[in-house]
Amino acid sequence: MLETRFTRLVGCTVPIQLAGMGGVSVPALVAAVTAAGGLGMLGAAPASMPDRIDVLDAMGCSLRGANFLGPFLNPEEFEATIERVRLAEVFWREPDPALVEQIHAAGALAGWQVGSVDDARAAADAGCDIVVAQGVEAGGHVQGQIGLLPLLGAVVDAVGDDVVVVAAGGIGSARAMAAALAAGAQAVRIGTRFVASAESGAHPDYKAALVAAGADETVLSEEFGRTTGWPDAPNRVLRAALDEASAFDGDVVAQLHLPGSDASFPVARFDTLPPLAECEGNVSAMAQYAGQSVGDVRAVQPAAEIVRELAEGAEALLSAAR
Ligand SMILES: Cc1cc2nc3c(=O)[nH]c(=O)nc-3n(C[C@H](O)[C@H](O)[C@H](O)COP(=O)(O)O)c2cc1C
């Protein structure tokens, strides 16, 4: 069902990629998405990537990917990870042929998330197997300025047939998934819908805020991150979270408790960290990243149910259109 060049290349059965979302895409969520037929991805988080891959091994989840954020990429962690994943990808850095070569030498597929046609071409020229076209509707950090559909068409035309294109940004329904596939994407990358999954590492109040919010209740700003080492980086969040943080009187909005220890860290106002289950305090003033797909979040659901709803719905829509 819905076999594409992405599913054949990666070795999964459903053309859905979980966005690697820091402390949100925890091993339980990665394993659930892969078990449902998609590709589960780990993201940059305080806990080390190899340690989290050990957890996936213990869960019997051998098909997985890892996402790295350019500004925080640690070469040792990168090296220790890429030989243990099917797909290693980078975001927020100029496409880099040396990193792509390193990934290939470790036996993994290489991917890059981009927000413009020029960067897509650069990623293809750098040797990437997969290019993720991210539209401005996306939740979290957003590199480009144009909507997914105009970007996707141009990226598909620009990179040629040897590169698999994945669509990201605002895809929360079977209709949107079908549209992206019909427009030339070989898979869709889903963030916000999976933040509101039962298995995600997001704080319950953050999940509830996503359920309550409509598609017109997100905003793109550079406020979150300006206090914590990732300035000048536009990101899309729930408008209510930005309003709460702006009105907050104080420097520390919450505490992050480290699992398995008594240690905790203060979360500064406008920190980049999204509200995780281990956070305590005013989590409604933290970076509640959300794409315009948030309008399609109607309940907190098991990840497998989300995968099934999107994949079966998209398949039915695409065959009805034929
Ligand atoms: C909570 C959250 C965290 C994210 N973290 C990352 C990340 O660490 N690396 C990355 O490449 N993209 C990250 N993204 C962006 C996703 O890769 C993707 O482009 C986006 O979620 C797609 O839009 P959607 O949220 O409407 O599905 C994040 C998105 C969210 C919602």
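Of all residues in the range 112-128, those being within 16 Å of the ligand (Cβ to nearest atom), closer than 15 Å to Val100 by Cα and over 14 Å from the mean Cα position of the chain (by Cα) number 4. Among all residues of the range 15-27, there is none that is under 21 Å from Ile103 (Cα atoms), within 16 Å of the ligand (Cβ to nearest atom), of a type outside the set (Gly, Ala, Ser) and without any contact (Cβ under 8 Å) to a residue 40 or more places away in the chain.
Within the bounds of the range 197-204, is there any residue that is crowded, with 17+ Cβ neighbours inside 10 Å, at negative phi, near the ligand (Cβ under 9 Å from one of its atoms) and without any contact (Cβ under 8 Å) to a residue 60 or more places away in the chain? Looking for residues that are crowded, with 17+ Cβ neighbours inside 10 Å, at negative phi, near the ligand (Cβ under 9 Å from one of its atoms) and without any contact (Cβ under 8 Å) to a residue 60 or more places away in the chain, one finds none in the range 197-204, hence no.
Per the conditions (1) surrounded by 19 or more Cβ atoms within 10 Å (Cβ to Cβ); (2) at positive phi, the sole criterion not satisfied by Asp232 is (1). Outside any helix (DSSP H, G or I), within 16 Å of the ligand (Cβ to nearest atom), buried (at least 23 other Cβ atoms within 10 Å of the Cβ) and in contact (Cβ under 8 Å) with a residue 24 or more places away in the chain: is that true of Val90 in this structure? For Val90, the condition - outside any helix (DSSP H, G or I), within 16 Å of the ligand (Cβ to nearest atom), buried (at least 23 other Cβ atoms within 10 Å of the Cβ) and in contact (Cβ under 8 Å) with a residue 24 or more places away in the chain - is not met.
Counting only helices (runs of 4 or more DSSP H) that fall entirely inside the range 179-289 and contain at least 1 residues that are closer than 28 Å to Val14 by Cβ, the qualifying elements are 192-195, 204-212. Being under 23 Å from Ile16 (Cβ atoms) and of a type in the set (Ser, Thr, Tyr) is the filter here, so list the residues in the range 191-236 that pass it. Residues satisfying the conditions are Thr192, Ser197, Ser200, Tyr206, Thr218. All conditions but one from (1) under 18 Å from Arg93 (Cα atoms); (2) assigned to a loop (DSSP other than H, G, I, E, B); (3) not β-branched (Val, Ile, Thr) apply to Leu63; the one that does not is (1). For the range 130-157, the set of residues classified as away from the ligand (no atom under 11 Å from the Cβ) and either farther than 24 Å from Leu109 by Cβ or assigned to a helix (DSSP H, G or I) (or both) consists of Gln145, Ile146, Gly147, Leu149, Pro150, Leu151, Leu152, Gly153, Ala154, Val155, Val156, Asp157, listed by residue number.
From Gly43, Gly60, Gly11, Gly37, which residue is within 16 Å of the ligand (Cβ to nearest atom) and assigned by TED's automatic domain parsing to the domain that holds Val166? Answer to the selection: Gly43.
Looking at Gly160, Gly184, can you tell me which residue is at pLDDT 95 or above and either surrounded by 19 or more Cβ atoms within 10 Å (Cβ to Cβ) or more than 14 Å from the ligand (Cβ to nearest atom) (or both)?
The match here is Gly184.
For the range 93-113, a tally of residues being buried (at least 17 other Cβ atoms within 10 Å of the Cβ) and part of a helix (DSSP H, G or I) returns 4. For the range 278-298, the tally of residues that are of a type outside the set (A, V, I, L, M, F, W, C) and away from the ligand (no atom under 13 Å from the Cβ) stands at 6. When the range 166-175 is filtered for residues that are in contact with a helix residue (DSSP H, G or I) (Cβ under 7 Å, 6 or more places away or on another chain) and among the aliphatic types (A, V, I, L, M), the ones remaining, listed by number, are Val166, Ala167, Ile171, Ala174.
The values are calculated or read from the model by the stated rules, or taken from the named source; none is laboratory data. Quick caveat: nothing in here was measured; it's all calculated off a predicted structure. Glycine gets a Cβ as well: all are built from the backbone with ideal geometry, and neighbour counts include every protein chain shown.
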